[in-house]
Amino acid sequence: MSTVNGDIGAIVHSDVLVVGAGFGGVYAIYKFRKLGFNVKCFEAGSDFGGVWYWNRYPGARVDSEWPFYTLSIPEVYNTWTWKSRFPDHRELRQHFDHIDKVLGIRKHVQFDARVNSATWDEPTATWTVKTEAGHIAKCKYLVLATGLLHRRHYPDFPGLTDYEGVVHHSGFWPEDLSVKGKKVAIVGAGATAVQVTQEVCKEADSVAVFMRRPSYCFPMRQRVISEEEQTHLKGYFRAMFDQGRVSASGFPLKRPVTKFWDVPPEERQAYWQDAWDRGAFNFGMTNWRECGMDAKANREAYDFWASKVRERMKDPVKRDLMAPPEPPYYFGTKRSPLEQDYYEMLDQDHVEIIHMGKTPLKTFTKTGMLMEDGSHRDFDIVILATGFDSFSGSLTQMGLINKDGVDIKDIWGEEIASYLGMLINGFPNCFMIYSPQAPTAFSNGPTILECQVDFVADVISRAEAEGAKTVEAEKWAQDEWKALIERMCEPLLVRHTNSWWNGGNIYGKKTQMLTFPAGIDQYEIMCRKKLETWEGFKVEKAN
């Protein structure tokens, strides 16, 4: 086995070491190389793709619509033709292969290189990074593009190790596994579970969906994108990407400027219907601001949504489970997946829905699941669509040690803290991409990734131009950033709902607002203003 710079055991030297080769890592390699830095990358998978290298479960598909789910590099998007409005995991891996062929970045990457140690050497001001396979790298700057939803979450279900059937987490799915003719359990009702359920219900003999809360899904409105349509629109792509960059979400969408209660009810209904018909995230992202702050306006939005779902389901019991007459949580305060025929699939006779809040799991058995009410169900396959240790999971499992010798998993044991969602006090010359306390959860992935990589590149370029030895976050600036996010979220209904947006999906993990809520546009303005005067940065000059 070889490394990007020799044999195993040889030390790779670089100005910048990137960890992760999804969109964030790929763009970072492109950006730093363009600026003249020597850049290398360690990637745990065997190829490009990040989460899309691992996501191969039935129905895996991105829910950011074309053409925005790619890098805004003309030589990339002008030479690629999409097949559909929402590409699936296979097409996305093909797209990463295309990016590599156009940009020629593979030579900078070591694959099958899962990082398990990253330590700082104060005298030389360098990071030493090691992998499970034995690769070693030394660098001045460490850029962590390890992803928002990478570390798979396995709930501590009682008796799971006693179960003798097939168990797979959706994040590590064998592509050759067939559910045809099988009895299948799906645990979860989030975005991944929605995609899995749609496909599994079409093949399995029986399906039991175990959920704690229903998701408030939006219609995807998937469609084929013709080559002729793309050729016509490519002339507008640059303007579309530019407008996405100065928007809140990464999509050039606008919310109403009128006040919710100033609009007559029939006009609100017509507006919502138009957004609903367009599909994707239009209904959520173009809604009135009051719907995210005012409980009464929020209920009106929920009632509209529920009416759309309830009319698609015939079974009254299932209808009340998936779109309850009384909302189980505020509308829009946890991820709203996009669906194609989810509710029709659930409505079928061979599909059962078990509300685990009302009928809790007692234990897994050798053949299936025993519930607290005494009922038992046998399964051939159990699919754990139980999500991820979001935001922090990938960083706290890689042996990342600060300059005082403390692992970040211990530093973030109480709560996650960062400056601008990109720097961490005590970790000099270390930067996070697609990270906590940035607009990550509420925005298009590639857009916020490019925003952050561009900013980090400018921080490093300025530090180098000024002869700096190290750059890191001041502790007071980090505290102020966290407090700012809390203040911004205070009037928002989202703070009342536990989800992966605030770490509430992991038992024992402190819930805190982990997403900057004001959008990419305001986030970038604030970050750039801080950089103008190095506000909040601790910059140490070289001797």
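Collect the residues in segment 462-483 that are over 16 Å from residue 35 (Cα atoms), part of a helix (DSSP H, G or I) and of a type outside the set (D, E, K, R), keeping them in residue-number order.
476, 477, 478, 481, 483
Please go through segment 475-492 and give me each residue that is in contact with a helix residue (DSSP H, G or I) (Cβ under 7 Å, 6 or more places away or on another chain) and open to solvent by 10 Å² or more (accessible area, probe 1.4 Å), ordered by number.
Result: 492, single match.
So the check is Cβ under 9 Å with 6+ separation or different chains; which pairs have a first residue in segment 20-38 that's free of Cβ contacts under 8 Å to residues at least 40 places away in the same chain and a second one that's aliphatic (A, V, I, L, M) and surrounded by fewer than 24 Cβ atoms within 10 Å (Cβ to Cβ)?
Qualifying pairs under 9 Å: 34/457.
Checking residue 93 against (1) open to solvent by less than 30 Å² (accessible area, probe 1.4 Å); (2) farther than 23 Å from residue 408 by Cα, only one condition comes out false. Which one?
Among (1) open to solvent by less than 30 Å² (accessible area, probe 1.4 Å); (2) farther than 23 Å from residue 408 by Cα, residue 93 violates only (1).
Would you be able to tell me the number of residues in segment 300-327 that are assigned to a helix (DSSP H, G or I) and farther than 25 Å from residue 266 by Cα?
7
Could you look through segment 284-331, keep only residues that are within 18 Å of residue 517 (Cα to Cα) and of a type in the set (Phe, Trp, Tyr), and pick out the one that is surrounded by the fewest Cβ atoms within 10 Å (Cβ to Cβ)?
Going through the qualifying residues, I end up with 330.
Residues that are assigned to a loop (DSSP other than H, G, I, E, B), open to solvent by 30 Å² or more (accessible area, probe 1.4 Å) and charged (D, E, K, R): does segment 72-82 have at least one?
no
In segment 167-186, which residue that is small (Gly, Ala, Ser) and open to solvent by less than 10 Å² (accessible area, probe 1.4 Å) is farthest from residue 377 (Cα to Cα)?
Out of the qualifying residues, it is 171.
Regarding segment 50-65, can at least one residue be identified that is within 30 Å of residue 383 (Cβ to Cβ), of a type in the set (Val, Ile, Thr), touching a His at 6+ places or on another chain (Cβ under 9 Å) and in contact (Cβ under 8 Å) with a residue 40 or more places away in the chain?
Yes, segment 50-65 contains at least one residue that is within 30 Å of residue 383 (Cβ to Cβ), of a type in the set (Val, Ile, Thr), touching a His at 6+ places or on another chain (Cβ under 9 Å) and in contact (Cβ under 8 Å) with a residue 40 or more places away in the chain.
From the list 453, 406, pick out the single residue that is among the aliphatic types (A, V, I, L, M), out of contact with any strand residue (DSSP E or B) (no Cβ under 6 Å at 6 or more places or on another chain) and within 20 Å of residue 119 (Cα to Cα).
When all the criteria are applied, what remains is 406.
Output yes when any residue across segment 157-173 is hydrophobic (A, V, I, L, M, F, W, C), within 30 Å of residue 211 (Cβ to Cβ) and in a strand (DSSP E or B), and no when none is.
Yes; the residues of segment 157-173 include at least one that is hydrophobic (A, V, I, L, M, F, W, C), within 30 Å of residue 211 (Cβ to Cβ) and in a strand (DSSP E or B).
Based on this model, can you work out whether residue 27 counts as closer than 27 Å to residue 230 by Cβ and modelled with pLDDT of 95 or more?
It is true that residue 27 is closer than 27 Å to residue 230 by Cβ and modelled with pLDDT of 95 or more.
How do the pairs read when you match residues in segment 264-276 that are over 22 Å from residue 222 (Cα atoms) with residues anywhere that are among the charged types (D, E, K, R) and open to solvent by 20 Å² or more (accessible area, probe 1.4 Å), using Cβ under 9 Å and keeping only pairs 6 or more apart or on different chains?
265/300; 268/300
The values are calculated or read from the model by the stated rules, or taken from the named source; none is laboratory data. Predicted model only: the values in this text are computed from it and were never measured. Note that each Cβ is placed from the backbone with ideal geometry, even for glycine, and that neighbours are counted across all protein chains shown. What goes into the accessible areas is simple: the full protein's heavy atoms, side chains included, and nothing from ligands, DNA or RNA. Shrake-Rupley method; radii C 1.70, N 1.55, O 1.52, S 1.80 Å.
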